[in-house]
Amino acid sequence: MSFDLTPKPEHKFTFGLWTVGSTGTDQFATTFPIRAGKSPADIVRLLGEVGAYGVNFHDNDLIPLDATPAETEAIKKDFRAALKETGLVVPMATTNLFSSQIFKDGAFTSNDPKVRAYALQKAMRGMDLGAEFGAKVYVFWGGREGAETDVAKDPLEGLKHFREALNFLCEYNNSQGYGYKFALEAKPNEPRGDIYLPTTGAMLGFIETLDHPEMVGVNPEMAHEHMAGLNFMHAVAQAWDAGKLFHIDLNDQNYARFDQDWRFGQQSWKQSFFLVKFLEDVGYTGSRHFDAHAFRTEDYEGVKEFARGCMRTYLIFKEKARQFNEDKELQALIAESKAEDKSMEKFSGKFSAEKAAELKAFTFDRNAIASRGLRYEKMDQMLTDLMMGLR
Ligand SMILES: [Mn+2]
């Protein structure tokens, strides 16, 4: 093997405190903790040891919900010291608007105005905390912004409340001079029966209805789109095309299952390959954030293997993408499949009445065009060979 698989700062590999810090309980609390909890500072040290670039947090990953001011200051001091010691940065922060019973029917979209106001307060305090550690991206994952039944909760009202909250927080961002970019993360369901704005595409449509659409983009998560049975890379491409790919959550997942949050590349080699190739080809420069958990079978040595594996697999696919792009035979077949034809140029691009008239009058040989084999079978097998090290 001739290529370097060592994670480096320029790769922008980040993990959440909640990812490698997971104690292995599941979301239904049917299992007890498997690993003893680590302090935020010790999680930073673990990430430093495996070579990560950054660490992200929810407000309550760092500061427990009911911490006293003295406890809060002590935790921040330790955390800051660990960042300094390891050189890790905090590119992203977010709010936990889902783990407290007050959010049983949502946060920003709750029917109860007291809950909505509390959620806003919590988000502002979370933004203060993130800014204190230099975060520039603020993620919103509305885990409980949804319903099990539409009998009393109106999705139109929900969207209105969600919009009002984001508009308020955009103004707060400006008033404090934080310079955050907001990134909305979609998920189709779990923990709610249905979560509003269930896909990245839905989020992209919603963003255009906000007061400050330029401040708001998306944080697509691989597992969440796969839960919905969708092609993740296609969602990411749409976000990129819209100039809205502000952050990305990498992990893995079997299609149409519960939120499995596996190590990046564990399951879906090909989808992961195309995703990495996309990010590298377009020149995405944001964080490659692994929002995933080690198996519940693991001790902290296994957690380190998990974290190293996420980064290693990314770098393997990055190298494979380079090989793909430099594979002359493959590239020739791709070019051939596009059947460049200069005589068609007159029909493309901007509309004109003359062009439309000429195109309407043109005769196409439909059978001849359709009879051409595109050789996708050959290329796809070549990709398999390439990925398996046979090219
Ligand atoms: Mn996520």
Report task. With a 1.4 Å probe and every protein chain left in place, work out the accessible area per residue of the stretch 1-153 in Å², rounded to a whole number. Result -> 47 Å²
**Report entry** Distant-in-sequence amide H partners of Arg288 (H built 1.01 Å from N, under 5 Å)
**Finding:** Phe13, Thr14
Query raised in the report: If R0 is 22 Å, what FRET efficiency do you get for Tyr255 and Val151 from their C-beta distance, rounded to 0.05?
Result: 0.15
Query raised in the report: Per-residue ellipticity at 222 nm for the chain, helices alone: DSSP H runs ≥ 4 residues times -39500 (n - 2.57), over residue total, nearest 500 deg cm²/dmol?
Result: -14500 deg cm²/dmol
Report task. Using the structure shown, list the pairs from Lys104/Lys160; Lys244/Lys350; Lys12/Lys136; Lys84/Lys277; Lys277/Lys378 with a Cα-Cα distance above 22 Å, or answer none. Result -> Lys244/Lys350; Lys84/Lys277
Report summary line: Between Arg125 and Ala353, the FRET efficiency computed from the C-beta separation at R0 = 56 Å comes out, to the nearest 0.05, as 0.40
Query raised in the report: Farthest toward the dipole's positive end in the stretch 72-170, which of Leu156, Phe140, Pro113, given Cβ charges of +1 (Lys, Arg) and -1 (Asp, Glu) about the Cα centre?
Result: Phe140
**Report entry** Asp385-Leu65 pseudo-label distance in nm [points 7 Å out on the Cα-to-Cβ vector]
**Finding:** 5.7 nm
**Report entry** Å² of accessible area per residue within the stretch 217-280, as computed with a 1.4 Å probe and no ligands counted
**Finding:** 34 Å²
Query - Candidates Leu156, Leu250, Leu129, ranked by Gaussian network fluctuation over the chain, Cα under 10 Å, top entry - result: Leu156
Requested in this report: Would you please put 262-275, 50-63, 332-345, 176-189 in order of how densely packed they are, using the mean number of other Cβ atoms within 10 angstrom per residue and starting with the highest?
Outcome: 50-63, 262-275, 176-189, 332-345
Query raised in the report: Plugging the Kirkwood radius over Cα pairs into Stokes-Einstein for the chain, at a temperature of 4 °C and a viscosity of 1.567 mPa s, what D comes out in µm²/s?
Result: 56 µm²/s
Requested in this report: Roll a 1.4 angstrom probe over the protein heavy atoms and tell me the percent of accessible area of the stretch 328-387 that is carbon or sulfur.
Outcome: 56 percent
Report summary line: Given a 1.4 Å probe, the accessible area of the stretch 328-387 per residue, as a whole number of Å², is 82 Å²
Report task. With springs connecting C-alpha atoms under 10 Å apart, model the chain as a Gaussian network and identify which of Phe278, Phe32, Phe162 has the largest mean-square fluctuation. Result -> Phe32
Query raised in the report: Dipole size in debye (nearest 20) for the chain around its Cα centre, Lys and Arg Cβ +1, Asp and Glu Cβ -1?
Result: 560 debye
Query - Accessible area of the stretch 74-203 belonging to carbon and sulfur atoms, whole % at 1.4 Å probe - result: 55 percent
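The values are calculated or read from the model by the stated rules, or taken from the named source; none is laboratory data. For clarity, every value in this text was computed on a predicted model and none was experimentally measured. Please note: Cβ atoms are built from the backbone with ideal geometry, for glycine as well, and neighbour counts cover all protein chains shown. Heads up: the accessible areas ignore ligands, DNA and RNA and are worked out on the full protein's heavy atoms, side chains in. Shrake-Rupley method; radii C 1.70, N 1.55, O 1.52, S 1.80 Å.
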